[in-house]
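The values are calculated or read from the model by the stated rules, or taken from the named source; none is laboratory data. If you're wondering where the values come from, they're calculated on a predicted model, not measured in any experiment. These accessible areas exclude ligands, DNA and RNA; they are computed on the full protein's heavy atoms, side chains included. Shrake-Rupley method; radii C 1.70, N 1.55, O 1.52, S 1.80 Å.
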Amino acid sequence: MKVKKTLTDMIIKWHQAGYSLDEIAPLMPQVPKEEIKAIIQQHHE
């Protein structure tokens, strides 16, 4: 699944602000939880 750049940026911004995966997932129901997890992991690399 290709997540829009805007959504990816928001996920990264929230993660940097201290939000956990379980807090971000309900805010973005259109993005699967596994995809959010992958975006966060990719950002850390």
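Odds and ends about this structure:
- Solvent-accessible area assigned to carbon and sulfur over the chain amounts to 54 percent, based on a 1.4 Å probe.
- Compactness index (Cα Rg / 2.2 N^0.38 Å), the chain: 0.99
- Backbone HN-Hα couplings from phi across region 5-17 [Karplus 6.51/-1.76/1.60, Hz, Gly and Pro as x]: 4, 4, 5, 4, 4, 5, 4, 5, 4, 5, 5, 5, 7
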